[in-house]
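What follows is calculated from the coordinates using simple rules that are stated; it is not laboratory data. This structure is a prediction, so every number in the text was calculated from the model and none was measured. Note that each Cβ is placed from the backbone with ideal geometry, even for glycine, and that neighbours are counted across all protein chains shown.
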Amino acid sequence: MILHRAFSREVLQNTGAVAVLVLSIFLVIRVVGYFRLVAEGTIPTNSVLTLLVLRLLSHLDIIAPLAVYVAMLLVLGRWSRDRETVVAAAAGLGLASFLRPTFYLFAILGIVIGVFSLYLSPLALRSGDDVEHEFRSRSDVSGIVPGVFTENLGGDGVYFVESYDPVEGLYRNIFAWVRSDEGDGVVVASTAKKILDEVGEVSTLELGKGARYDGRPGELAYQSIEFETYGMFIGDRPIPPQTRPRLAGWSTSALWEKRHSLELRSELHWRLSKIAILPVLMLLALALGYGGQGQNRMLMMVSALMTYFAYANLGGYLVALSRRDNSEALTLLWILHLLVALIALYLFRRRAQNRALFTGNHGVSG
């Protein structure tokens, strides 16, 4: 049917648009954080894109249900405002006729969200954590970026290079400040080359044609050395311990094998909840977004979004509560899904009968 195809097409298009908007906000926040780590020398510049993609994939299972919910509200709101729902109702296609395309959308989007929630998102999160740990474990020189002052993690050294020649593998015009028990040292050199240790990590910079100045702050006496070749030991960066992977990064099969643990079982329930929340939100969007030409559309949209955030946050709170050895919280989680589904079904029924959503309102809403 043309109406069903148009509805499905517009919902998918708006879902993509809303998802892009939410992801853009997410990316801006993440980019700022990663550039801070780049400036600190914690991660190299060329790793930012990899980490962004992995973090984005790990959050798609949360963003997608919200995008679908908002998209359905936008489509139904526009159709109601343009009286398209009135024309459809006059042709015998009321609210109930939208259940069929909504079911098809759920079948498609539910599979996508399920794949992300149960497999891709945990894999992306686990991979992102491994990549970050690998970069944090590298030597300070690995994080030096041409044209940027880079401070090492210990806070006792600052490095700056003007440019890097990938053909010769040389840094050009180097400045370094290091602090030790004997005082402060400043080193300037024309060139520098990385020297790898036996495990392939950078441990020394071989400087060429430069000078070193050593002294104590506030004292007039200082020592200067000019050199043709000078080896500057970078020192070992304190390697952060490889901690236990976050629950969100565990594979679903591993969670299932150890489901006797309440903490691990709660994560499994949370992943299933991300799938279960989708049909509830879609039914709720049909009830809230359809008809209501005489109502304040902005007020309805704000109310719908507040309902979503209350629903999602309460579900997240119950999952967090279950991880504190409260097994009843998982039962309450599914009671919450059932309760919201019943409310959505009740509102859908009243809307389908062209009645006010709430008994306190007078007159018809369609």
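Miscellaneous remarks
- Residue check for V22: touching a residue at least 60 places away in the same chain (Cβ under 8 Å) and either under 20 Å from L281 (Cβ atoms) or not polar (S, T, N, Q) (or both): no
- Flag if S121 is closer than 24 Å to A304 by Cβ and in contact (Cβ under 8 Å) with a residue 12 or more places away in the chain: no
- Residue count for segment 1-16, restricted to those that are exposed (fewer than 14 other Cβ atoms within 10 Å of the Cβ) and either assigned to a helix (DSSP H, G or I) or β-branched (V, I, T) (or both): 5
For every residue, the table says whether it meets (1) within 14 Å of M282 (Cβ to Cβ); (2) surrounded by 21 or more Cβ atoms within 10 Å (Cβ to Cβ).
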site	(1), (2)
R78	no, no
R83	no, no
A91	no, no
G94	no, no
F103	yes, no
A107	yes, no
S121	no, yes
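- Among the residues of segment 17-58, those that are of a type in the set (S, T, Y) and in contact with a helix residue (DSSP H, G or I) (Cβ under 9 Å, 6 or more places away or on another chain) comprise Y34, T42, T45, S47, T50, S58.
- Hits in segment 323-352 - residues which are closer than 17 Å to Y308 by Cβ and β-branched (V, I, T): V340, I343
- The listed residue being over 30 Å from E134 (Cα atoms) and without any contact (Cβ under 8 Å) to a residue 24 or more places away in the chain, out of V75, V87: V87
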